[in-house]
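The values are calculated or read from the model by the stated rules, or taken from the named source; none is laboratory data. In this text the structure is predicted, and so the values were computed from the model without any measurement. The protein model used for the area step is the full one, side chains on, heavy atoms only, and it has no ligands, DNA or RNA in it. Shrake-Rupley method; radii C 1.70, N 1.55, O 1.52, S 1.80 Å.
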Amino acid sequence: MSDTKPNIVFFFWDNFGWGELGCYGGGILRGAPTPRIDQLAAEGQRLLNFNVEAQCTPSRSALLTGRHPLRSGTQRYPSPAARMD
């Protein structure tokens, strides 16, 4: 067993689609090449199944607090059109 710790880079982007990056089939086909990110993906581990909430608030709160969004009360967000009584 090695005593060295692995190098881990975790990208957390809001409103970023699966097919935006070249390593997942996008890149130049979507209008913006991503050669550096594609190189990182080629040299490392590519995750093929990552499930997130429809909005960024639950995912952000889970990442920052280490708690499930339901326990933090962030599984829903107020709609801009909702009344705040």
Ranking Leu21, Leu47 from most to least accessible area with a 1.4 Å probe gives Leu47, Leu21
Extension length gain for Asn7 and Arg60 (0.36 nm per residue less Cα distance), in nm, is 16.9 nm
